[in-house]
1. Pull out a ≥ b ≥ c, the square roots of the eigenvalues of the alpha-carbon gyration tensor of region 210-256, then state rounded if a/c is under 1.5, prolate if not and a/b is larger than b/c, and oblate in the remaining case.
2. Arrange the peptides 249-261, 157-169, 53-65 so that the one whose residues have, on average, the most other Cβ atoms within 10 Å appears first.
3. Among Glu322, Glu275, Glu155, which one shows the highest mean-square fluctuation when the chain is modelled as a Gaussian network with alpha-carbon springs under 10 Å?
4. With the chain treated as a Gaussian network of Cα nodes joined by springs under 10 Å, which of Asp146, Asp202, Asp316 yields the largest mean-square fluctuation?
5. Between Ile339 and Glu231, how many nm apart are label points set 7 Å from Cα along the C-beta direction?
6. Are there trypsin sites (Lys or Arg not before Pro) in region 258-330 that DSSP puts in a loop and that have at most 16 other Cβ atoms within 10 Å, and which ones?
7. If each DSSP helix of 4+ residues adds -39,500 (n - 2.57) and the sum is divided by the residues in the chain, what number results at 222 nm, nearest 500 deg cm²/dmol?
8. Treating the beta-carbon of each Lys and Arg as +1 and of each Asp and Glu as -1, no other charges, what is the dipole magnitude of region 252-323 about its Cα centre, to the nearest 20 debye?
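The values are calculated or read from the model by the stated rules, or taken from the named source; none is laboratory data. Because the structure is predicted, anything quoted here is derived from the model rather than measured. Cβ coordinates were reconstructed from backbone atoms using ideal geometry, including for glycine residues, and neighbour counts include every protein chain displayed. For accessibility, only protein heavy atoms count, side chains too; no ligands or nucleic acids. Shrake-Rupley method; radii C 1.70, N 1.55, O 1.52, S 1.80 Å.
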Amino acid sequence: MKLLQNANIFLLTLAGFSTTGLIYLGFTSTSFRYKEQRICLNIPKEHQGISQMQSPQGLSYNQPRVLGPDGKGILLTPWLAPVVWEGTFDPTLIDAIYKQQNITIATTVFALGKYTQFLKDFLESAEQNYFVGFRVHYYVFTDQPDQVPEVKMGEEHQLTVMTVPSSNRWQDISLSRMARLEKLIESRLLNKADYVFSLDVDSKFYGRWGVETLGRLVGVVNPWHYDRSREQFTYERRPESQAFIPSTEGDYYYGGGVIGGLVEDVYKLVKTCREKLDIDASKSIEAAWQEESHLNKYFLYNKPSKLLSLEYLWDDRKPKLEYMKLIRFSQILKNYNEIRPNP
Ligand code: UD2
């Protein structure tokens with residue numbers, strides 16, 4: 001009876017919403033998988049924020065940290081998003097849960113110019129560690145398709161090469177990822193993949209990266225900024241830029257090398273960032289750290305639902321912290337002067 005009453009209240013609530021628009025809960029006819037997150041809300045903009053973890057601009061609160069005063073990793077952000085560290089999840093259990101969901105994880109990686117040299121190690125190490133046993137579709141964006149190495153793919157893993165024009169500026173390559181990801185999602189991923197990750201190619205996997213990283217909107221802490229105060233973050237500081245963040249605001253400095261989440265949520269992120277990049281470009285402004293600056297602004301006001309700890313984006317130049325039990329994904333050593341098309 002109670003259940004019926006609750007169901008009635010729920011239906012009434014839906015009816016209330018439906019006067020302003022359309023709601024559907026996503027059952028797919030083929031699998032009948034219920035996807036809680038795939039709730040399509042064609043309702044006024046002011047209601048949409050409720051489900052999006054949006055926070056207002058100009059709010060004053062203490063800066064969250066990655067490590068507590070005792071040097072141990074923080075397990076929850078102040079907006080209650082989990083921070084994934086070794087020991088916070090049981091791989092056997094979490095794999096078994098997600099196995100039943102028949103998911104596809106799309107993964108984009110860009111390798112233009114001399115960065116094609118990083119593809120082999122990236123892909124080979126991914127095949128040892130990245131969503132092993134789950135369906136993965138890599139999309140490799142490159143200006144030299146013949147340089148994409150043959151790497152033996154694991155079961156249910158496949159790779160598609162996307163040919164794109166070359167660029168003379170590394171900044172343009174990095175910047176263009178938002179627009180290219182937006183187009184890819186529109187043309188190939190919506191309703192076909194469940195999750196998508198965008199990863200830097202000049203990196204290598206050293207440990208498991210699995211379903212524990214899945215969430216609605218997923219960010220990673222940049223290893224060079226985890227112990228800095230918010231005013232020291234290299235956010236864009238010019239108010240003329242759409243990526244501007246004042247020195248009194250900021251949670252973490254997120255790395256542009258890892259963006260992930262549900263396809264629909266990542267789509268919203270990349271579309272927003274691309275639009276803001278276009279506005280900046282029309283005023284001849286390039287944010288301090290290109291798309292990473294815009295990403296940081298987006299994450300500040302649209303909080304990630306899950307945070308990947310330093311284990312998921314480290315740098316080979318940095319010794320491992322005492323608290324870290326392992327490094328899973330790390331930027332490899334490179335000489336920027338040799339590999340980038342411009343200084
Ligand atoms: C940081 C971010 C990066 C991006 C950049 C700002 C991390 C680990 N890295 O890295 O994601 O936000 O700041 O623009 O958070 N690329 C090519 N060919 C090139 C140059 C770049 O394919 O000639 C691609 C490649 O996928 C590379 C990515 O663009 O991984 C980012 O470039 P980067 O690694 O040189 O940028 P970096 O180290 O400044």
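1. Working: a/c = 2.92, a/b = 1.76, b/c = 1.66.
Cα axes put region 210-256 in the prolate bin.
2. 249-261, 157-169, 53-65
3. It is Glu322.
4. Most flexible of the set in this elastic network: Asp146.
5. 3.5 nm
6. Counting only loop positions with at most 16 other Cβ atoms within 10 Å, the trypsin sites (Lys or Arg not before Pro) in region 258-330 are Lys283, Arg317, Lys320, Lys325.
7. -8000 deg cm²/dmol
8. Numbers: 11 positive and 12 negative charges, 35 e Å.
Here region 252-323 has a charge dipole of around 180 debye.
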